[in-house]
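A quick write-up on the structure given underneath.
What follows is calculated from the coordinates using simple rules that are stated; it is not laboratory data. Since the structure is predicted, the reported quantities are computational estimates derived from the model, not experimental observations. Don't worry about glycine lacking a Cβ; one is built from the backbone with ideal geometry, like all the others, and counts go over all protein chains shown.
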Amino acid sequence: MKFFNFHLMPYRHADLQAIERNASAWVTFSNRHYDPQLGAELYHEYLDQMEYADRLGFDGVCLNEHHQTAYGLMPTPGVLAGALARSVKKAQIAILGRALPLLNNPLSVAEEFAILDNLTRGRFIAGFVRGIGAEYHAMGINPAESQARFQEAHDLIVRAWAEPGPFSYTGKYYQFKYVNPWPRPYQSPRPPIWVPSQGSSSTIEWAARLRYTYCQTLSPIETVAKFFSMYREQALRNGYEASNEQLAWSNCIYVAETDEKAVREAKPHLEALMGTLLKMPMEMLLPPGYTNIEAMKRIKATRAGGFNKKPQTIDDLMKAGVVIVGSPATVREKLAEYERLAGFGTVLTKTQFGTMPDDMTRANMAAIAEEIIPHFRTQPKTAA
């Protein structure tokens with residue numbers, strides 16, 4: 001099993017009561033609440049943590065993309081990945097992922113990711129997502145065009161990596177007389193592609209057909225198992241048997257000396273993430289046209305946070321298997337149980353979450369590296 005340190009880079013100094021009064025930390029929460037001095041310190045703190053993850057022996061570090069939110073300070077994750085590309089010496093660097101439908105020019109991502117792949121000498125992982133509904137409010141993109149824009153942007157980027165240019169491209173949303181990006185990716189024909197999702201059946205079918213690694217976002221473990229089974233079924237329909245290395249589970253893990261101490265320490269920070277920073281109205285998360293009715297019902301029923309009316313406590317989240325909190329023995333036991341249930345080859349672990357300060361985060365990272373990772377270490381395998 002591989003362990004990636006997945007950082008959301010939240011604005012952990014956010015006024016949680018102000019967010020509650022606004023009903024969301026997304027889009028409409030005024031940036032007057034952002035202090036540039038504190039924010040600058042946070043960027044360096046978080047980058048230092050990801051470099052520390054590399055030194056501790058994590059297999060990879062992960063960034064992602066969100067806009068106009070205190071939930072995560074990474075509207076342009078390539079900037080931060082570039083800052084890590086030379087200081088992270090061994091771990092892979094993953095952007096999970098870039099929201100392709102929001103782009104005016106997908107070739108900019110083809111170029112950006114190719115640079116990162118060169119800087120890391122092939123340790124880069126490209127993640128592609130549609131972006132959650134709030135991004136479409138933030139960027140002024142019609143959510144009804146999300147699927148089609150994503151598909152066209154993906155196809156253009158992959159072709160630009162694999163096919164020598166120049167060639168022309170004419171699509172519905174993007175037209176180019178010359179497609180000839182420099183540099184080319186370091187990995188041939190391209191970096192591995194991973195696809196995070198909330199559990200869209202069309203996304204799972206598409207990822208399985210193309211043999212991309214599928215990453216399930218924060219969800220109850222029974223739901224994770226169901227979606228991973230769906231991926232395996234789709235793989236069989238496409239003529240192959242999916243391996244655990246093609247499946248990654250996004251979670252939160254916190255380790256302390258005892259179960260009681262771990263729960264006590266993690267509780268305020270985890271509940272701040274799930275109950276406040278992640279919360280948004282349904283019309284913001286799933287705007288009209290973004291998805292079909294059946295998918296909307298499924299996401300609403302299984303989502304770990306977001307528009308749930310009842311705030312979830314740490315006990316709720318632990319019981320549902322959304323997070324693992326406890327002593328080293330408890331965390332090892334739960335992770336092994338969940339791996340047997342769902343079958344995944346990579347855990348995308350948020351070692352910092354919500355309002356958690358630097359000292360707690362580093363202690364948690366060290367505990368995971370020393371007490372958890374060695375018990376699940378296997379020979380590395382390459383996933384597409």
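Using the Cα gyration tensor of the range 225-281, with a ≥ b ≥ c the square roots of its eigenvalues, what is the shape: rounded (a/c below 1.5), prolate (a/b larger than b/c) or oblate (neither)? The shape class here is oblate. The order of the peptides 27-36, 72-81 by mean Cβ neighbours within 10 Å, most packed first, is 72-81, 27-36.
Residue by residue, the range 54-61 carries 3J(HN,Hα) couplings of 4, 5, 6, x, 4, 6, x, 10 Hz when phi is fed to the Karplus relation 6.51 cos²θ - 1.76 cosθ + 1.60 (θ = phi - 60°); x denotes Gly or Pro.
Put simply, the amide H of Leu73, placed in the peptide plane, has neighbours under 5 Å in Tyr11, leaving out anything fewer than 5 places away on its chain.
Using only alpha-carbon positions in the range 90-246, the gyration tensor eigenvalues give semi-axes of 26, 20, 15 Å once each is multiplied by 5 and square-rooted (largest first). In this structure, the residue pairs whose Cα-Cα separation is over 30 Å, taken from Lys261/Lys350; Lys2/Lys267; Lys90/Lys172; Lys89/Lys226, are Lys90/Lys172; Lys89/Lys226. Using the Kirkwood radius built from alpha carbon pairs, what does the Stokes-Einstein equation give as D for the range 2-53 at 37 °C and 0.692 mPa s, in µm² per second? Estimated diffusion coefficient is 261 µm²/s.
Here the average projected area of the convex hull drawn through the C-alpha atoms of the range 21-100 stands at 6.1 nm².
According to the square roots a ≥ b ≥ c of the eigenvalues of the Cα gyration tensor, what is the shape class of the range 157-204, taking rounded for a/c under 1.5, prolate for a/b larger than b/c otherwise, and oblate for the remainder?
oblate
When every Cα-Cα distance of the range 138-177 is counted in 10 angstrom steps from zero, the calculated P(r) takes the values 25, 50, 22, 4 percent.
With N the number of residues in the chain, Rg(Cα) / (2.2 N^0.38 Å) evaluates to 0.93. With a simple spin-label model that places each label point 7 Å from the Cα along the Cα-to-Cβ direction, the separation between Ser243 and Tyr43 comes to 3.9 nm. Would you mind counting up the charge near His7? Only other residues with Cβ under 14 Å from its Cβ, with Lys and Arg at +1 and Asp and Glu at -1. Its environment carries a net charge of -3. Helical runs (DSSP H, four residues minimum) scored at -39500 (n - 2.57) apiece and divided by the length of the chain put the mean residue ellipticity at 222 nm at -13000 deg cm²/dmol.
Per-residue 3J(HN,Hα) values for the range 365-372, derived from phi via the Karplus relation 6.51 cos²θ - 1.76 cosθ + 1.60 with θ = phi - 60°, read 4, 5, 5, 5, 5, 8, 9, 10 Hz in sequence order (x marks Gly and Pro). Taken about its Cα centre, the chain carries a charge dipole of about 860 debye when Lys and Arg each add +1 at the Cβ and Asp and Glu each add -1 at the Cβ. Amide H contacts under 5 Å for Cys215: Val195, Ser197, Ala248, restricted to partners 5 or more places along the chain or on a different chain, H placed in the peptide plane at 1.01 Å from N. Projecting the alpha carbon convex hull of the range 1-149 along each direction and taking the average yields 9.8 nm².
Within the shell of other residues whose beta carbon sits under 11 angstrom from the beta carbon of Gly78, the net charge comes to -2, with Lys and Arg scored +1 and Asp and Glu -1. Applied to the range 7-13, the Karplus parametrisation 6.51 cos²θ - 1.76 cosθ + 1.60 on θ = phi - 60° returns per-residue 3J(HN,Hα) values of 9, 8, 6, x, 7, 6, 8 Hz, with x for Gly and Pro. Tally Lys and Arg at +1 and Asp and Glu at -1 over the other residues with C-beta under 12 Å from the C-beta of Thr361: what net charge comes out? Result for the neighbourhood of Thr361: -2.
Near the amide H of Asn64, within less than 5 Å, lie the amide hydrogens of Leu96, all on another chain or at least 5 residues away, with H placed in the peptide plane.
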